[in-house]
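Notes to accompany the following structure.
The values are calculated or read from the model by the stated rules, or taken from the named source; none is laboratory data. On a predicted model such as this, the values are computed, not experimentally measured, just so you know. Please note: Cβ atoms are built from the backbone with ideal geometry, for glycine as well, and neighbour counts cover all protein chains shown. Remember, those area values only see protein heavy atoms, side chains included, never the ligands or the DNA or RNA. Shrake-Rupley method; radii C 1.70, N 1.55, O 1.52, S 1.80 Å.
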Amino acid sequence: MINLDRLSVEGLPHFSKAWSQVLADSAIKLLEHSEHQSGVPLLVHMPGDTNITLPIIWTDTILDSEPLGWADTQEITEYGASGIGVLLALHITGHKTIERSVKGTGVDYWLGAYDDGSEPPFQRKERLEISGILKGTASDVRQRTNIKRRQTQQSQNTGLTAHVVVVEFSQPLAEHSQL
């Protein structure tokens, strides 16, 4: 299950609750704009031509009269995809901690853990790149995934596994790729 309330209530490790709320609100706004309700199934295409279906749930409602301050649909789509993508990656990998990456690494986040699970230093274990599409086809998602897979090569010298998650909101569907 992808529980957007987790972002609102718990927040993401190492991120403010306010920022986590922005990611949740963005995802909810786009899902509701596409006329989805809490519990909508997210079809996730996984490596090896397998699919899983996970419900996306939330309790907050973002009304169309609440524009979230963005007129830029590309930006809100990226934030919403980050909210869903991070939760999906944490579900798939089992990592509990993330860190925002710097530009030039070809990825958005580092997934990892602390040495003993609770104290620094943070250990980077895997890489994560996320992208979003407001309305597209499975072919569009696959094409974007391939672009993002190539982009992760900028940090392949780390030797860490890279995950690419592309989220499409109108259906909704996602593709998870692992390199």
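For residues that are of a type in the set (Phe, Trp, Tyr) and either open to solvent by 50 Å² or more (accessible area, probe 1.4 Å) or at pLDDT below 90 (or both), scanning just region 56-79, find the one that is farthest from LEU134 (Cα to Cα).
If we filter region 56-79 for residues that are of a type in the set (Phe, Trp, Tyr), which is where we start, we get 58, 70, 79.
Within this subset, residues satisfying the condition of being either open to solvent by 50 Å² or more (accessible area, probe 1.4 Å) or at pLDDT below 90 (or both) are 70, 79.
Numbers: TRP70: 14, TYR79: 11 Å.
Applying the filter and picking the extreme gives TRP70.
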**Complete:** Checked against (1) in contact with a strand residue (DSSP E or B) (Cβ under 8 Å, 6 or more places away or on another chain); (2) open to solvent by less than 70 Å² (accessible area, probe 1.4 Å); (3) of a type outside the set (D, E, K, R); (4) part of a loop (DSSP other than H, G, I, E, B), HIS14 satisfies every condition except (2)
**Request:** Output the residues belonging to region 1-11 that are of a type outside the set (A, V, I, L, M) and surrounded by fewer than 18 Cβ atoms within 10 Å (Cβ to Cβ).
**Result:** ASP5, GLU10, GLY11
**Message:** So if I check each of LEU173, LEU134, LEU179, which one is open to solvent by less than 40 Å² (accessible area, probe 1.4 Å) and either touching a strand residue (DSSP E or B) at 6+ places or on another chain (Cβ under 8 Å) or modelled with pLDDT of 95 or more (or both)?
**Reply:** LEU173
